[in-house]
Each structure stands twice: as structure tokens, then as C-alpha cells.
Amino acid sequence: MTGVFDDIAALEKVAINLFYGWGYNFYRLENQLRADDQTVRAKVGWLLGLARDSVERAEGAARRALPAPSREHPLPDPAALAACAKLEAISREIGALEGQLRSHPVPEADHMTNRYRREAETLQRLLQCDLALVGRAETLRAMLDGLDGAGVAAKANEIAAGVKAIAHSLRERQALLHV
């Protein structure tokens, strides 16, 4: 049975022409690095999501631990409320980082990009930046894993430093892509 769907040589030509037309050549290092970059960003987003979930669980536990209002104490303890607010702020900061990461672009696969900057070289530098980003995100996730509200509050300065370091990695990453 030989037909237009069985002529492998002709089908390969069609496929290759389409790949080149789409700007895709699956044998180029740049394409592998671009796909790796997207995978890394997805995994770091996942790690940040886990870290945020830990903080939100700790905040929920801290809020549930607040005593019910009574005649003697109609308002909650201001220090406990401040701790809950701090946990909420940390959660928002981690969520903002996750959103920034997911919206970061990858280098375009076009001739103009290659003309002004070497794509493979940029992607290799991006890999170095992403190594720090992944390490920092996992360190933050591991630090928060299993902590209750008091534990997160006790490590608030370390957590803030971790969030700041991740934000720094994201700025470095963005600077590489906007050269």
C-alpha cells in the first residue's frame, strides 16, 4: 500500500519544512535548553507553591489557636494578630514570586534575537542563574516544611532572607533575558 501517507521521504520533507517554518529544529542545543528552562521554571513554581502552602497552613493553625472572644477579652491579643498578619504577608510575597517566575519569558527563537545575542550562550548563563534559583526555592520549601505558626514566626527573618534571595535570582534572570 503506497499512498501519500506512506511515502516516508516526502513526509519527512513536509515535517522538516514545517519545523523550520515554525522556527523549530529539535536537534539544536538551543531548543533543548529552552525546553529545560521551561521545565525548571515550572518546578521552581511548584516548590514555591509548596512553600506558600506551608505558610498558609501555619497561618490557619495560628488563627484557629486564637481564643474565642469573651467578656473579659472581647478582642484578640494584638501580638497574636500581628503574628498572623506577618504569616499572611509572607504567603503573599511567596505567591508574588511564583507569579513573577511563571510570567518570565524565555529567549525567543528568531533570527533577530540571534543577531543581537547568542542564544545558546544566554541560555547557558540562564542555567547558572536557575541553579541558584532552584537551590534557594528548595531551601525555603524545606525550611517551611512541617512548621506551625510559631515555628514560621520564629524563623521569620530567615524566611524573609530566603524570599529576598529568590527575588534577587528572579531579577538576575530577567536581566539576562532583556539584554
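Quick note: the coordinates plus some simple rules give every number you see, no bench work behind them. Computed from a predicted model, the values in this text were never measured in an experiment. Don't worry about glycine lacking a Cβ; one is built from the backbone with ideal geometry, like all the others, and counts go over all protein chains shown.
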> Taking K and R as +1 and D and E as -1, what net charge do the other residues with C-beta under 15 Å from the C-beta of L133 add up to?
Replying inline: +3
> What spacing in nm lies between the two simple spin-label points modelled at A89 and S103, each 7 Å away from Cα in the Cβ direction?
Replying inline: 2.2 nm
